[in-house]
Each structure stands twice: as C-alpha cells, then as structure tokens.
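Novice: My questions will all concern the structure given below.
The values are calculated or read from the model by the stated rules, or taken from the named source; none is laboratory data. Keep in mind that this is a model prediction, so the values were computed, not measured. Note: ideal-geometry Cβ built from the backbone for every residue, glycine included; neighbour counts use all protein chains shown. Surface accessibility is based on the protein's heavy atoms, side chains included, excluding ligands, DNA and RNA. Shrake-Rupley method; radii C 1.70, N 1.55, O 1.52, S 1.80 Å.
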Amino acid sequence: MLLRFWHPLTSAYMLAARIDAARARDRGYRTHYIWVDLEHIAPTAALAVIASEDQRFPFHAGFDFGSIRQAVRASERGKRLRGASTISQQVARNLFLWSGRSYVRKGLEAGYTVLLEACWPKERILEVYLNIAQFGRGIYGVEAASRSFFHEPATRLTREQAALLAAVLPNPLLLRVASPSRYVLARRDWILGQMRLLGGDAYLESVEARHGAEAPRGQSPARSAAARPSRALAPQWTDPGAPGAEPGAPDRDPGANSSATSTASNR
C-alpha cells in the first residue's frame, strides 16, 4: 500500500540480477535505474507498452482471460506455451517476486496482482511498470533506457523510439535496442501500427476511466467507446521468422522480463 505513494528504490528482479552478477564475479555489471514520474515520460512510451503488452489494460481487473484462453488453446494444438501476462501481473512479478514457472510463484503473482488492482489506480500501475521494466542488460525503466540508447530524457521519446523500446520487452537481453535485428524492427513496426489503430491520445485518456466503465470527464461516451480495444486489436501479428518465436502473436515469454542473466524477460 505504501508503494502507491512512495517510489520503489529497487525491485526483486533488479536485486536478483545483482546477485547473479556477484555470483558470476561480473565486476562490470551496473544497475541503471532512474525513477521519473509519469508526467515526465512521453505519452508515446505509455501507448507503446500498452500496444505491445496489454491492449486491454484500462479495462481488465488484472487478468486478461481472453489472452489466457488463447494461450491455452494454442498449447493444446501443440504450439509452445506462451505467456499471457498483463501489465499488472508483470508489475507484481518484477517488483515483488522471482523468475521461473513454479506454481508457488504463479499463485503469489496472482495474489499480488489482485492487491495492486485493488489498492493502486491504473495510472500508478502503468507508472511503476514504465520505471521498472527491463530494456537491456542492467537497464531498468524508460528514463534509463532513453538516456542509455538515445541520449535523451524520456520526455523526448519519439513514437519510433518508444516502439523500439517496447519491442524488446519480451526478452531485453536477447532482443536489443542498440543493434535491433530484423525481428525487433518488425515488432517495432507492428507496435507503431497498433498505436495508430488504438487511437493515440484518445486511447490513453481511456486509462483515466477505471476499467472503462465511464467516459473521462469532458469526453463523450462515443469517443470513450472508440478508444476501447476491439478483439481485432488484440496482440496478433505475423512473425517474420525469428527463431523460437511463435507465428501469429507477439511472444509473451521467449525467455521469461525476469532477472538479468539467463532469464531476462518482463513477462
């Protein structure tokens, strides 16, 4: 509850990465983490991560059961099981828990997700996510990422830069901002397309209406409804052929934004 108002000094994943580096005697490892408030982050960054990771973020209560069903059905058809974690689930896991696929961790993740949704407004969940998500080796949060890769503060992120950062979220050690592969560039272009389809600023305004129940003040119900994602806008795309990635959907877990060495993934 206190973290609704106090900014976290670190996260469980950051601590795990430091421990892994210490065990490996990696003296060159550094954690780059700079907290900035949501108003000091370009709106394009918020839109890009929502377009990439969780297009129904403003309207669900922490769990996207539609994506979960799709992932289970894909697994039943013999495809590799992919994650269906929402932004809220990723915040719960990255902030408080550890990487891995154990039922214990999954159960704790679900519990923390319920608590976050009950105690924090959506804007706070998104703000924390943008500050603790991993974008590269030891690089956490959009401010550190923007300064490291583009030499600009997060307030100046362009649409293309924000989409490129969002493109590496599934595995920020394998997928790189500094030297993007064809796969990363294809994801960036897909995210840019989704940002346009979602409606840009009109969609971001819908975050202010808790779960989309009411139109934001001063906005007509019709505009609010237009900002809501349809099923056609759910994360689905044509994979250009990256090894290990599943065609037809952005891979929600090609590594696990876990810790910083062998298991880095924000999902």
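Novice: Provide His7, His60 ordered by accessible surface of protein heavy atoms (probe 1.4 Å), highest first.
Specialist: Numbers: His7 75, His60 15 Å².
From most exposed to least exposed: His7, His60.
Novice: Shifting gears a bit: For the range 76-198, which semi-axes, largest first and in whole Å, follow from the square roots of 5 times the eigenvalues of its Cα gyration tensor? Write down the numbers at each step before the final one.
Specialist: Details: eigenvalues 126, 71, 42 Å².
Those come to 25, 19, 15 Å.
Novice: I'd like to compare 94-101, 147-154, 105-112: which one has the highest average count of other Cβ atoms within 10 Å, and what's the full order after that? Write down the numbers at each step before the final one.
Specialist: Numbers: 94-101: 18.1, 147-154: 16.1, 105-112: 14.6.
Most protected by this proxy first, the peptides run 94-101, 147-154, 105-112.
Novice: For the range 1-53, what does the convex hull of the Cα positions come to per residue, in cubic angstrom? All intermediate terms of the calculation are to be shown ahead of the outcome.
Specialist: Values: hull volume 7.0 nm³, N = 53.
Considering the Cα atoms of the range 1-53, their hull volume per residue is 132 Å³.
Novice: May I ask for the net charge around Phe135, where only other residues with Cβ less than 12 Å from the Cβ of Phe135 are counted and Lys, Arg are +1 while Asp, Glu are -1? Numbers along the way, then the final one.
Specialist: Numbers: positive: Arg137, Arg147, Arg176; negative: Glu143.
Value of the local net charge: +2.
Novice: Right, here's the next one. How high is the relative contact order of the range 87-130, in percent, counting Cα pairs under 8 Å that sit 6 or more residues apart? Please report the intermediate quantities before stating the final value.
Specialist: Details: 28 pairs, mean separation 24.5, N = 44.
With pairs under 8 Å counted, the relative contact order is 56 percent.
Novice: Tell me the chymotrypsin sites (Phe, Trp or Tyr not before Pro) within the range 3-66 that lie in a loop according to DSSP and have at most 12 other beta-carbon atoms within 10 Å.
Specialist: On the way: sites: Phe5, Trp6, Tyr13, Tyr29, Tyr33, Trp35, Phe59, Phe63, Phe65; in loops: Phe5, Trp6, Tyr29, Trp35, Phe59, Phe63.
In loop regions of the range 3-66 (DSSP not H, G, I, E or B), the sparsely surrounded chymotrypsin sites (Phe, Trp or Tyr not before Pro) are Phe5, Trp6.
Novice: Would you mind computing, in nm to one decimal, how far apart the modelled labels at Val104 and Cys119 are, each placed 7 Å from Cα along Cα→Cβ?
Specialist: 2.2
Novice: In nanometres, what is the gap between the two model label sites at Thr155 and Asp37, each 7 Å from Cα along Cα-to-Cβ?
Specialist: For Thr155 paired with Asp37, the spin-label model returns 1.2 nm.
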